[in-house]
Structures are given as structure tokens and as C-alpha cells.
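The values are calculated or read from the model by the stated rules, or taken from the named source; none is laboratory data. From a predicted model like this one, the values you see are computed outputs, not experimental measurements. Cβ placement follows ideal geometry from the backbone for every residue including glycine, while neighbour counts extend to all protein chains displayed. Just so you know, the surface numbers come from the protein's heavy atoms only, side chains and all, with ligands and any DNA or RNA stripped out. Shrake-Rupley method; radii C 1.70, N 1.55, O 1.52, S 1.80 Å.
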Amino acid sequence: MAKKKSILTPEQRRATTHRLLRFAKPYIAFFIIAFIFAAASSVMAHLIPMLVGDAIDLAIGEGKVDIEAVFSLLPIMLALAVGGALLDWLVRLVGQRISASITHNIRAACIRKIQKLPLSYLDSHKSGDILSRVIADTDRLSEGLMTGIIDLYSSVIGIIVTLVFMIFINPVVAIVVGVLTPMSMLVAAFIANRTFSLFGKKSAIAAKQTAVIDEAIGGREVISLFSHEGDSLVAFDEINEEYRKTATRAVFYSSITNPATRYVNSLVYGGVALAGGLLSIASGGAISAGEISCLLTYSQNYAKPFNELSSVLAELQSSLASAMRVFEFLDAKEEETTAEISISPDSVKGELKARDVAFSYTDEAFMENIDFEASSGQRIAIVGPTGCGKTTLINLLMRFYDTTGGSICVDGKDISKISRGELRACFGMVLQDTWLSSGSVRENIAMGKPDATDEEIVAAAKAAHAHKFITRLPQGYDTLLGEDGSVLSAGQIQLLCIARVMLALPPMLILDEATSSIDTRTEIKIQDAFAEMMQGRTSFIVAHRLNTIKNADKILVMRDGKIVEQGRHDELMAKNGFYASLYGAQFKMIN
Amino acid sequence: MSKLWKYFKGYRREAVAAPFMKLLEALLELMIPLFVAQIIDVGIAEGRSEYVWQMCGLMVLFGTVGVAVSITSQYFSAKAAVGFSCAVRRDLYMRTLSLPRAESDTLGSATLLTRLTADVDRLQNGINIGLRLLLRSPFIVFGAMIMAFLNDWRIALVFLAAVPVLAVIIFVIILWGIPLFAGVQAKLDVLTCHTRDNLRGVRVIRAFRHENEQIEAFDKANDEHKKKNVFASGISALLNPLTYVIVNIAIIMLVKNGALAVDSGRISQGDLFAIYQYMTMILVELIKLANLIVTLTKSAACAERISKTLSLPVEESPDELPALQDGAPVLEFKNTSFKYRSASGDSLSDVSFSLGSGEMLGILGGTGSGKTTLIDLIPRMYDATKGEVLFCGADVKDWPIAELRRRIAVVPQSARLFSGTVAENMRWGKADATDEEIKAALFAADALGFVEEKGGLDIPVEQGGSNFSGGQRQRLTIARALVRKPQLLILDDSFSALDYATDLRVRTNIAALDYHPAIVVVSQRPSSIMDAEQILVLDAGDAVGLGTHGKLLADCDVYREIYFSQYGERGQENG
């Protein structure tokens, strides 16, 4: 996908620039200040060669130098040099602030975007790719912006100032320089056009490579267990080689710009020397040596911004490609917000009805004809072989995914019309796939109830049988958990996830294999806490160990995306159907 | 950092040729002011138009040769820089994968990812620009100085004073910048970590409506990054204006002394022009040099970090197979203890047992009792801190690590698959496995059914196996281990996501494997390990029981408690 889009049409390029300008808009005052300072700095800087030219003209030859006049020029030059430099520094400071602010704001927009994207997007995009857009691409963009603002300004202003000064000294030579020099722009534009698509390709391959690296870093334990380092390296080498080839070309083509434009300039320089020299001879000294010196300096100064402009453009091209990848992410379709009906965890009774629910991840129907009811306070167990759709059903209840047919109602209100946040606030959830945020143990438990007191947190931890191991951690409740909670075992992470729910206690509960990593001894103890927690709360329990759900008020037996049986344990056993066979298999294991 | 030089291998010619060709170009450039001085002193003064034409012609010729040389140099440096960075990235990747767990856990995934991506990118950029300019700029600076001296040494003394002052300014600002930019990079790592967190934990974050807190935490890190970045670049932005002021002061001195020198007849008007041109040249080149050094500073900080990562210790092991004793137990722990680097006490203390060929050891224990720690010591994910772990009679530390791991197959707790096809994932177990071998393993893991249903061995596996359910992933990781036909099979709570019927099928199939591996099973369910020849009961890192189900039931309190908690007093299922 990225490959196809790496070659930008002019419209896409324009659109990307336009987006970027929107992010720049709040800083318009800074842009203006930078512009004024840059202009002043440029005028000061360009007055110096003119004064030097005057000095050279005053120094005609032995015994013919007006020393006093030359000396009177010196303090003015010093003042101009210091003032110009000071202003130049200020322009840079402002430019850096603008670029850092824009990058900062884009990143802030990215993190907000992540919260608003549908799970279908996040599940189907590699996290390494998204990471590379949020971090690496914005970084490249920031560098592009910085050179862009600082150099673009000084370039454009430099061009105007020198041109005016040159016309003032000698209009003929000024026209020669003014007309010839922009040729370097054409050369630069030609090269930039070629390199842009190459940079896009380079970015796309780099993203692919990041995805490969990300996967290997995440799975490094398995890689070493299977001594798979070698094979993993082979796959890496392939993409690394691809990157090497594309990057070499992209870097080379973009670097032709400098020598090529410099060449055009040296031609112009020669032209000025020729025109100046011949004019001086022909007119018998109407143009002085000092003026030729000044014109030559200006022609170099005049060319320099054009050169910089072209390398700036090249840099902008590459950061534009990065910007586009960032904006592509920022433009991904968000979850539609729905808030027609309001719901509050305090007043929800917890009646849940699913009517003819259907769902598919792709075009092919995955789940169909899901019908069930849960009255307030009931315990609903969901069982079935792996892959039958238990987790998908949970995804639908929490609106991580939206149904493609039928409806689910909470207290008679269609959940597709309730805001997701409000709906989710009514559910407490412990998932099979546990996750802790980086931060302290305390912060993690308090996630569902930010204003919880220490007593409440400890009580929740005790209820989840996590208090004991937490106090054994180096800093107890203040122990910082690294990425993926790496100081804790899978079971300990799960206990913390349970404590988190114990603290929040919303009116409905979802326990998806909530105790799969916990030993049975601890589990028995937690079950008591769970039982207490479920009292008066509508609960959905996904479990493989069927003995843990025998007391459920209703068991939904799923198979291949459908509910094939539902009822109480005894009823289902009496029916001697699919449930009974699942149960029998488990029972057999014990003998 | 010097150890990175070797990565220029294969690109040495380019890496040497590029700067030297730039040098040649610089040499040609240095001649230009002399031509103009000649035009002023001879052409204009004597009114000879043809002389002006000649000089201008020479200038164009020099320029043409210069551009050809320069473009070739750009190609060489692009090739060398990209080649270099790819070689570095490759080694870094390899090193990352062979870091001992203790090291890689300390660094963390986000840091490793930044090293391998953004840091290498910056390094590449630095090398590319460095190759092109690092020789050229100083050469022009000193070349212009020498040319000025040749014109008039007394005036040129100004250069001698200016250049060291410039050098000091550049040096100070850069030394100041290195730690500042390292700090900026560290903050960027924090941002990466936050973003990863948000992607990984999206379900929990949304379930707890924790979006705003996550945003706040990110914003805080983002603010800090911006603040550090603005400060660091503000300091480095001093370079250009400061050098500019110094050079202009030098020009003022030069004009003053030059005017006096012309008046005394030591130099001509053209000479004064040439000296002035050389000073301007120095200014332009020094600014380039300063910018170059800023880029190089950032790259050097990256190079430093990369090189630090590259010099972390790797897993080491002997090349030769150790002497093996016939009839030695497949696995033996002798008073083995283990302590994590950051922990205060042992996570596993004084554990001993031995497991014969074809036998099964069950490990049972509460959460955090040290079960996974024990397992990690066998394939040397960690090394025991006290006591020994013996495999086939030889200490695991005496085994070539690859050979040791080849004979062992572990099914880890988290079922992790890799993007590719099912067959590719299965061949992790055994690179040259035939389709039949793979199918047999899939069958034993009760995975053949759904794999064939989805289209067979070549169906794709997305990153992390996201296109399979948790239970399917777990069965695939079991199959991956079985493809290997290991001497020792380790199942670390590998049935947790399976329903009982599937669990039973898989275990029956494993028990019937015709090559009879020794098996270590970690489980939360006593039923999974009841049949084992030995059961090891762990409690807070201590071995509190070792024996058969019957023996433990009779004399191990912890075992009894776990067992009855699940099955009730009479060994029947607890209703």
C-alpha cells in the first residue's frame, strides 16, 4: 500500500503542503518576526561588501590611498557585522521554536488520533509502521521544517537584497546575473523532481524494515529459544539490501543538486568578471575595481541562496514524503462518535439483549444469528472451542468492533447509539491478553478510578490476592513497571489487571479467560472475590475450565460463530448435546 | 566509537576517494581569486581585453573539471555512507538478537528499536555529509590562508589570529552540544515508549476510558522533548552568527592593514581584492564546517550509543560438544539457585532433581513461585547463579548454545508467531522439515484441522499471529516445538488457552510421540501433570515437594492444597 502511494501526484504534494500550513498557522506572528529580523540581518550583511568595495577603490596604489577615509568606514562595518549576527541568531531561535512547536503539535495530534481510531484499523496495521510514522517521520519532518524556515527565509530575502544592491551599482551586470543565476533553480527543480519519488520509495522500504525489526525485538526470546537468529538475519538482509540500493540512489540523486548549481554559479561568476572587466576597459574606468569586487561578492551571495534554496527544497521534498506518511495516518477514518442516548454507570441496571447480531471481519460472514438475553445481575458464561467467536462477542459488547447486523441493547438502549466511552464505563473488563501501562503499580491499579484513595487501592489489591507480592517488590506499590510489565510474571500481571477491575467495580463485568495464567490455588481464592464482585452485576465469563462456570445463570455454547445451545448447566447436560460432549471431554481428563 | 570503522569494509575505496576528489575540487576553487586579481591588475590596468577573455576562459575550464570531480565524489560518498550504515544496522540487528536476556531486558524494546532505526539513519546522514565536507572545508580554510600568506604575509597574520579563535568557538559549542542532544534523544525514546504502550494496550485503555490520562502522560513527555530540543538547538544556533562576527572583524583588520600596505606599495589593488576574497571564502567554508560539525555532533552521539550497544556482551558458549556420559539423565538440577540482577533475593533457591530419558517432570506452583525462572535456566536464557544445570550429563554452560537449544524445544507461555506462512513458522523448529513432518507435528498439536480449513501450510501469518485466535496460536507454537523432535520438550503452561477437550487430545498425542522425549510440563492444572513420573512443587522459589502424585498427596501440604482446591476432597471435580 505504502509503495503505491510513495510516488506523489502534484495534487497530493499540494495537499500535504496545505496540511502542513494548517499546523503552521498558529505561529504566524513568529513567522512575521522571523521575516523582519531576517530582512534586517540580510541588509546589514550585504552592506559590508559594498563598504569593502569602497575601501578597495580608495586604495588605488602606492602613496595614493586616502587612509582617513578608509579608517572612517571601519566602525560602521563593525556595527553592521555585530547587528547582523545578532539578528541572525534570533531568526534561528524563532525558526527552531516554530519547527519544534509544529512537530510537538503533530505528535500530540497523533497520540489523540490513536485513541480515536477504530480497533479494526489498529489490529490490521503493524504497530512498528505506526510507530515509525509518529516518531521517525515526524523527526524527519522537524529537521526539514527547521532548515526550511531558517534557510528558506534567508535565501529568499538574500536574493532580493542582493539584486537591489547590484542594480544600484551596475544595472547591466545586475541583469546578467539576475537572469543567468535562476538557471540553477531549473537544474535543482529537475533533480528534485526525480528524487522525490525515490525518497518516497526509501521511506516505504524503511517502514517495512522497521516492521521487521520491531517484530524481531518483540520476539527475541522465541528467536533465541529456536536459535533462529540466522534465519531471522536472512530475512533482514533481504530488506536491508533492498534499502541499501534504493537509499544509495535517493541519496546520490539528491546530492547532485549542489555541484550542479555550483557549476552554474561559477559560470555566472566568470560572466561577471568578463562583463565587468570588458566594460571597465571599454568605458575607460566608468566601473571601478572596487565595484567589480563588490559585484563578484554579490554574484556569489546572490547565487548562494539559490543553491541553498535547492538543497532546502531537496530536504523539504524528503520531509514532505515523511509528512505525507504522518498525515496519511492522521487522516485515517476515525470511529464515528455516537451519543444519541446517554447512559450512566450509576443508573444502569444491566439488562442486556442481543437480537439477531451478525458480524464479519472481512466480506465473509463470521458471526450470525446471535440471540440471547441477560437480566440484571445474571452470570452469563460463554463457552465453546477455540476460535468459535467468544472473544469476538466480547469485542462487540464493548464496542471495540461494531456489529454488522442486528442490535445489542443495554437496558433497552441500542448500544450503537450510546457513546463508546459511556458504554465502556459500564463494563469492568479483565482480558486474556493482559496489559499494564508503564508507570507505578499504584497508577496501574488506579487506572479505572483515578481518585481512589490508598486504602481503596490496597483493599482492591488484597481482594485480587496481589497485595502480598506487591509488598515484596523493591518499592512496593511505587515500583515502576517497565514496558510490558517486565519485572512481573504473567500471573502477577493478571492479578494486577484483576485488582484494577476490583477497584473500579462498574455495573457489568466481562472476564475473558481472566484467570488463565493464575495457578488454581490462587484462583480459588480469587473466585471468592469474583463471586462477591459479581453479586448484583451482570457478568459475562469466558472460560475453558468448565467447572468454574457451572454455577452460571446461563451458559451460551458457541461454535463456528453461532450460539448452538443456551441454558443452565443441568439443562444442557440433560440435553446431551455439544455442551455435554465438551464437558465430558474435560471430565475424562481427570481420570 | 573507533570500532565502527570496520564497517567501511567493502566501501574503503569509495570512502577514501570521495574526500580526495572533494579536495581536488577545492584546489581548483582556490585558484579562482588569482584569475580575478590578474584581470584587475593586468587586464583592466593595461586595457587588454583579450587577456580578460583568456582568464575567464580558464575559470570556466576549472569549474567544469570541478563539477565532474564533485559529482563522482557525491556518488562515492552516497554509496559508502549507505553501505556503511546498512552494515552497521545488520550487525546491530544480529547483536540485538544475541544479547543475553539480562542485557536486553535492561535496555528495553523501545530503546533497541530506536538504536536500530533512527540512530542508524542519523549516522548514515552524518557519514554522507562528513565524507563530502570534512576534508574539503578545512582544506579550503587552510588553503585560503596559505594563498593569503603568499600574497602578503604581514596582512595574512590576521588570518592566523582569526582561525584559532574560530576553532575555539566551534569546539566549545560542539562539546556543549553533545550531551544536550543526547538528552533530546533520550526524551525521544520516552515518546517512543509511550506510543508503543498506547498501541499495545489499546483495549485496556479504552475499556478503562483512560485515553485522556494516556494523552496527558504523552503530552508531558512531548513537552519535555520540545523544551530540551529548543534549548539544545538554540545553543548550536550560536555557531553561525559567532563565526560570522569573527570573520567580519578579521575583514575589517584586513581592510585597514591592506589600505596601509597598498599605500606603502607592498601590494597592488588586485592583491588586496584577492586577500579579501580568500577571507570571504574562509567565512563561507567555516559556516559550512560549523554546520557540518553540528550534524556530526548528532551523528557522533548516535554512533556512541550504537557502539555501546555493539559492545554489550553476547551469549557465549564453547564450540565443542562436551563429553557426554551414556545413561546420564537428560536433565539434572544440582542445588541450583538463581537471582535476578535487580532483585534482592533468590527467585529460585537450591532446587535439585533429575529427569531420565522418556520421563515426564511436572512443575506445579503458585504465581511467582519460580516456575518460569526454572525453565529459563535450561536453554540458558539465564544462567544459574549457584549450583549446576546438567543436560545429558554435561553442564549447560559447557554446551555450544545453538546445539543445546537445538536439542530442546520450548513452548513459551506467550504464544508468539512471526509474520510469514504457517510452514515458515513451523520450520523454525527444524529448518529442513518436510511438509509431512510439519503436518505430523500440526496433527499432534491438534492444529492440522484449522490450518487445512484455512487453506493449508502456506496460509499467511500476520505479525504476532494476529489472524489466529489465542488458542490457535498456542497450538501452532506447540506444533512448532514438535517439528523439532527434541530430546527434551518443555511446555511452559502451554495449554492455558485451550479448552479441555483440545487439551486432552494434544496431551494424549504428545504422550504417544514415537521418539519419546523427556518432558517438562509447567501447569496450573494438576490434571495435566498427575501422570508424571515426578512432580516438583515450588513455593516462592523453594522446592517444597518432589515425587509422584500419590506421594505428594500423602506428604506435601502445598500440593494437597492446590489439588483439592480444584478437585475437591475425593479427587472428583469440585462441584
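Residues to consider are A:PHE469, A:PHE540; find the one that is more than 12 Å from chain B (Cβ to nearest Cβ) and either at pLDDT 80 or above or touching a Lys or Arg at 6+ places or on another chain (Cβ under 9 Å) (or both).
Exactly one residue qualifies, and that residue is A:PHE540.
Could you look through segment B:382-409, keep only residues that are under 25 Å from B:ALA447 (Cβ atoms) and either open to solvent by less than 10 Å² (accessible area, probe 1.4 Å) or at pLDDT 90 or above (or both), and pick out the one that is nearest to the other protein chains (Cβ to nearest Cβ)? Let's see the steps before the verdict.
Initially, segment B:382-409 is screened for residues under 25 Å from B:ALA447 (Cβ atoms), giving B:405-409.
Next cut, either open to solvent by less than 10 Å² (accessible area, probe 1.4 Å) or at pLDDT 90 or above (or both) only: B:405, B:407-409.
Numbers: B:ARG405: 5, B:ARG407: 11, B:ILE408: 8, B:ALA409: 8 Å.
Only one residue fits best here, namely B:ARG405.
Can you pull out the residues in segment A:251-266 that are more than 8 Å from chain B (Cβ to nearest Cβ) and either out of contact with any helix residue (DSSP H, G or I) (no Cβ under 6 Å at 6 or more places or on another chain) or farther than 19 Å from A:ASN193 by Cβ (or both)? Please lay out each step first, then the result.
Within segment A:251-266, the first condition is being more than 8 Å from chain B (Cβ to nearest Cβ), and the residues that meet it are A:253-254, A:257, A:261, A:264-265.
Selection gives A:ASN265 alone.
If you go through segment A:380-399, how many residues are more than 23 Å from A:LYS349 (Cβ to Cβ), under 35 Å from the mean Cα position of the chain (by Cα) and in a loop (DSSP other than H, G, I, E, B)?
4
Would you kindly identify the helices (runs of 4 or more DSSP H) lying entirely within segment B:446-527 that contain at least 2 residues that are facing another protein chain (nearest Cβ under 8 Å), over 30 Å from the mean Cα position of the chain (by Cα) and without any contact (Cβ under 8 Å) to a residue 24 or more places away in the chain? Give the steps one after another, and end with the answer.
On the way: elements: B:448-454, B:470-483, B:500-511.
Ranges flagged: B:500-511.
Just a yes or no: is a residue in segment A:70-91 facing another protein chain (nearest Cβ under 10 Å), open to solvent by less than 30 Å² (accessible area, probe 1.4 Å) and touching a residue at least 60 places away in the same chain (Cβ under 8 Å)?
Scanning segment A:70-91 turns up at least one residue that is facing another protein chain (nearest Cβ under 10 Å), open to solvent by less than 30 Å² (accessible area, probe 1.4 Å) and touching a residue at least 60 places away in the same chain (Cβ under 8 Å).
If you take the residues of segment A:222-250 that are out of contact with any Asp or Glu (no Cβ under 8 Å at 6 or more places or on another chain) and among the polar types (S, T, N, Q), which of them is farthest from the other protein chains (Cβ to nearest Cβ)? Even if it seems obvious, please write down each step before you answer.
Filtering segment A:222-250 down to residues out of contact with any Asp or Glu (no Cβ under 8 Å at 6 or more places or on another chain) leaves A:222, A:225-250.
Narrowing further to those that are among the polar types (S, T, N, Q): A:227, A:232, A:240, A:246, A:248.
Numbers: A:SER227: 5, A:SER232: 6, A:ASN240: 5, A:THR246: 9, A:THR248: 4 Å.
Per the criteria, the residue is A:THR246.
Checking A:GLN586 against (1) away from chain B (no Cβ under 14 Å); (2) more than 43 Å from the chain's Cα centre (by Cα); (3) at pLDDT below 90: exactly one of these is not met. Which one?
Of the numbered conditions (1) away from chain B (no Cβ under 14 Å); (2) more than 43 Å from the chain's Cα centre (by Cα); (3) at pLDDT below 90, the odd one out for A:GLN586 is (1).
Tell me whether segment A:395-408 contains one or more residues that are within 22 Å of B:GLN474 (Cα to Cα) and at pLDDT 90 or above.
Among the residues of segment A:395-408, not one is within 22 Å of B:GLN474 (Cα to Cα) and at pLDDT 90 or above, which makes the answer no.
Restricting attention to segment A:19-31, does a residue exist that is within 26 Å of B:LEU239 (Cβ to Cβ), at the interface with another protein chain (Cβ under 10 Å from one of its Cβ atoms) and not in a loop (DSSP other than H, G, I, E, B)? Give the steps one after another, and end with the answer.
Here is the first cut: in segment A:19-31, the residues within 26 Å of B:LEU239 (Cβ to Cβ) are A:24, A:27, A:30-31.
Okay, now just the ones that are also at the interface with another protein chain (Cβ under 10 Å from one of its Cβ atoms), so none.
No, there is no match, as no residue in segment A:19-31 is within 26 Å of B:LEU239 (Cβ to Cβ), at the interface with another protein chain (Cβ under 10 Å from one of its Cβ atoms) and not in a loop (DSSP other than H, G, I, E, B).
Looking at (1) open to solvent by 10 Å² or more (accessible area, probe 1.4 Å); (2) within 11 Å of chain B (Cβ to nearest Cβ); (3) out of contact with any helix residue (DSSP H, G or I) (no Cβ under 6 Å at 6 or more places or on another chain); (4) without any contact (Cβ under 8 Å) to a residue 60 or more places away in the chain, find the lone condition where A:LYS449 falls short.
(3)
Say whether the condition of being more than 44 Å from the chain's Cα centre (by Cα) and more than 10 Å from chain B (Cβ to nearest Cβ) is met by at least one residue in segment A:49-60. Give the steps one after another, and end with the answer.
Taking segment A:49-60 first, the residues more than 44 Å from the chain's Cα centre (by Cα) are A:49-60.
Next, from what is left, pick out any that are more than 10 Å from chain B (Cβ to nearest Cβ): A:50.
Looking for residues that are more than 44 Å from the chain's Cα centre (by Cα) and more than 10 Å from chain B (Cβ to nearest Cβ), one finds at least one in segment A:49-60, hence yes.
May I ask you to list pairs of residues, at least six apart or on different chains, whose Cβ atoms are under 6 Å apart, with the first in segment B:125-144 being surrounded by fewer than 21 Cβ atoms within 10 Å (Cβ to Cβ) and the second being hydroxyl-bearing (Ser, Thr, Tyr)?
Qualifying pairs under 6 Å: B:ILE129/B:THR295.
Yes/no per residue for (1) surrounded by fewer than 23 Cβ atoms within 10 Å (Cβ to Cβ); (2) modelled with pLDDT under 85; (3) in contact with a Phe, Trp or Tyr (Cβ under 8 Å, 6 or more places away or on another chain):
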site	(1), (2), (3)
B:GLN463	yes, yes, yes
B:SER469	yes, yes, no
B:GLN487	yes, no, no
B:PHE495	no, yes, no
B:THR508	yes, no, no
B:ASP514	yes, no, no
B:VAL520	no, no, no
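Just a yes or no: is a residue in segment B:245-259 at the interface with chain A (Cβ under 7 Å from one of its Cβ atoms), charged (D, E, K, R) and assigned to a helix (DSSP H, G or I)?
yes
Does A:VAL94 satisfy the criteria of being among the β-branched types (Val, Ile, Thr), in contact with a helix residue (DSSP H, G or I) (Cβ under 9 Å, 6 or more places away or on another chain), touching a residue at least 60 places away in the same chain (Cβ under 8 Å) and buried (at least 21 other Cβ atoms within 10 Å of the Cβ)? Explain how you work it out, then say what you get.
Values: among the β-branched types (Val, Ile, Thr): yes; in contact with a helix residue (DSSP H, G or I) (Cβ under 9 Å, 6 or more places away or on another chain): yes; touching a residue at least 60 places away in the same chain (Cβ under 8 Å): yes; buried (at least 21 other Cβ atoms within 10 Å of the Cβ): yes.
So A:VAL94 fits the description; yes.
How many residues does segment B:324-348 contain that are modelled with pLDDT of 85 or more, closer than 13 Å to B:GLY541 by Cα and in contact with a Phe, Trp or Tyr (Cβ under 8 Å, 6 or more places away or on another chain)?
2
Mind listing just one residue for me: the one in segment A:552-567 that is touching a strand residue (DSSP E or B) at 6+ places or on another chain (Cβ under 7 Å) and in a loop (DSSP other than H, G, I, E, B) and, of those, modelled with the highest pLDDT? Give the derivation first.
Of segment A:552-567, the ones touching a strand residue (DSSP E or B) at 6+ places or on another chain (Cβ under 7 Å) are A:552-558, A:561-567.
Add one more test, that the residue is in a loop (DSSP other than H, G, I, E, B), and what stays is A:552-553, A:561.
Numbers: A:ALA552: 87, A:ASP553: 90, A:GLY561: 85.
This residue is A:ASP553.
Give the residues of segment B:94-112 that are of a type in the set (A, V, I, L, M), open to solvent by less than 10 Å² (accessible area, probe 1.4 Å) and within 25 Å of A:LYS245 (Cα to Cα), sorted by residue number.
Matches in segment B:94-112: B:LEU97, B:LEU112.
Going by the structure shown, is B:SER299 touching a Lys or Arg at 6+ places or on another chain (Cβ under 9 Å) and among the hydroxyl-bearing types (Ser, Thr, Tyr)? Don't jump to the end; show me each part of the working.
Working: touching a Lys or Arg at 6+ places or on another chain (Cβ under 9 Å): yes; among the hydroxyl-bearing types (Ser, Thr, Tyr): yes.
Criteria met by B:SER299.
Would you say B:VAL422 is buried (at least 23 other Cβ atoms within 10 Å of the Cβ), farther than 29 Å from A:LEU393 by Cα and in contact with a Pro (Cβ under 9 Å, 6 or more places away or on another chain)?
On the way: buried (at least 23 other Cβ atoms within 10 Å of the Cβ): yes; farther than 29 Å from A:LEU393 by Cα: no; in contact with a Pro (Cβ under 9 Å, 6 or more places away or on another chain): yes.
Answer is no for this residue.
If a residue counts only when it is away from every other protein chain (no Cβ under 11 Å) and among the aromatic types (Phe, Trp, Tyr), which helices (runs of 4 or more DSSP H) contained entirely in segment A:117-206 have at least 3 such residues?
Numbers: elements: A:119-124, A:127-131, A:138-169, A:171-180.
Qualifying helices (runs of 4 or more DSSP H): A:138-169.
Given the residues A:VAL172, A:VAL187, A:VAL234, A:VAL264, which is the only one that is touching a residue at least 60 places away in the same chain (Cβ under 8 Å), more than 24 Å from B:ALA18 (Cα to Cα) and in the same structural domain as A:MET324 (by TED's automatic domain parsing)? Lay out the reasoning, then the answer.
Values: A:VAL187 fails: more than 24 Å from B:ALA18 (Cα to Cα); A:VAL234 fails: touching a residue at least 60 places away in the same chain (Cβ under 8 Å); A:VAL264 fails: more than 24 Å from B:ALA18 (Cα to Cα).
Unique residue meeting the criteria: A:VAL172.
Can you tell me which of A:GLY485, A:GLY491 is crowded, with 24+ Cβ neighbours inside 10 Å and either modelled with pLDDT under 80 or at positive phi (or both)?
Working: A:GLY485 fails: crowded, with 24+ Cβ neighbours inside 10 Å.
Just one listed residue meets the conditions, A:GLY491.
Filter segment B:367-380 down to residues that are out of contact with any Asp or Glu (no Cβ under 7 Å at 6 or more places or on another chain) and at the interface with chain A (Cβ under 8 Å from one of its Cβ atoms) and give me whichever is farthest from B:ALA441 (Cα to Cα).
B:GLY368
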